[in-house]
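Visitor: Questions regarding the structure given below will be posed in turn.
The values are calculated or read from the model by the stated rules, or taken from the named source; none is laboratory data. Note that the structure is predicted; figures quoted are calculated from it, not measured. Cβ coordinates were reconstructed from backbone atoms using ideal geometry, including for glycine residues, and neighbour counts include every protein chain displayed. Please note that ligands, DNA and RNA were not included when accessible areas were found on the heavy atoms of the full protein model with its side chains. Shrake-Rupley method; radii C 1.70, N 1.55, O 1.52, S 1.80 Å.
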Amino acid sequence: MSNLVWYVSYGSNMRAARFRYYLVGGKPPGSSRTYPGARDHSPPRADRTVWLPGGIYFATESPVWGGGRAFYDSALPGKAAARAYLITAEQFSDLTAQEMYREPGVNLDLTQVAAIGRIQIGPGRYETLLHVGLDDQAPMLTFT
């Protein structure tokens, strides 16, 4: 597996300025949380619009924003707008840790999700990793 992955974002992470806090750290405007950032603060190598089969739904309440959390479900009808960022596997691991309210710094073994399409790495929110596509540069991954 390549060192690069496409992180396929939906919801608030589609906004590049918001996503940037997961890489460089800091407290986004309107947030109650300060993010530590990734070990590698480099910006994404590329980004692009993608469409995911399925849909987005909102559930629970985010203690960070005070509104509903967005979740992706490939079994829903339709297509969901998303934004893909080309980042390193290490940055994806750090992003995922921060979304799961964990400290970044542990590399995930992404070969399993790339091979079987879906793995659950914990019982909480955003702890199910999904392989949602592949292009000539890297696997396309998200979490829900």
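Visitor: Go through (1) surrounded by 14 or more Cβ atoms within 10 Å (Cβ to Cβ); (2) in a helix (DSSP H, G or I) and name the single condition Ile56 misses.
Guide: (2)
Visitor: For segment 20-43, name all the residues that are closer than 16 Å to Met100 by Cβ and within 14 Å of the chain's Cα centre (by Cα).
Guide: Within segment 20-43, Tyr21, Tyr22, Gly37, Ala38 meet the criteria.
Visitor: Determine which member of the set Thr88, Thr128 is modelled with pLDDT of 80 or more, under 15 Å from the mean Cα position of the chain (by Cα) and surrounded by 12 or more Cβ atoms within 10 Å (Cβ to Cβ).
Guide: Thr88
Visitor: Using the structure shown, decide if Tyr72 is open to solvent by less than 20 Å² (accessible area, probe 1.4 Å), of a type outside the set (Gly, Ala, Ser), in a strand (DSSP E or B) and touching a Pro at 6+ places or on another chain (Cβ under 7 Å).
Guide: The answer is no for Tyr72.
Visitor: Let me ask something additional. Read through the list (1) touching a Ser or Thr at 6+ places or on another chain (Cβ under 9 Å); (2) open to solvent by less than 40 Å² (accessible area, probe 1.4 Å), then give the number of the only condition that Asn13 fails.
Guide: (1)
Visitor: Further question on the same structure: Quick check on segment 98-112: of everything there that is more than 17 Å from Arg125 (Cβ to Cβ) and among the aliphatic types (A, V, I, L, M), which residue is least open to solvent (accessible area, probe 1.4 Å)?
Guide: Taking the candidates together, the pick is Leu110.
Visitor: Considering only residues that are open to solvent by 40 Å² or more (accessible area, probe 1.4 Å) and closer than 21 Å to Gly68 by Cα, which ones fall in segment 21-52?
Guide: Tyr21, Lys27, Pro29, Gly30, Ser32, Arg33, Thr34, listed by residue number.
Visitor: Criterion first (part of a loop (DSSP other than H, G, I, E, B), without any contact (Cβ under 8 Å) to a residue 40 or more places away in the chain and buried (at least 16 other Cβ atoms within 10 Å of the Cβ)) does Pro77 satisfy it?
Guide: Criteria not met by Pro77.
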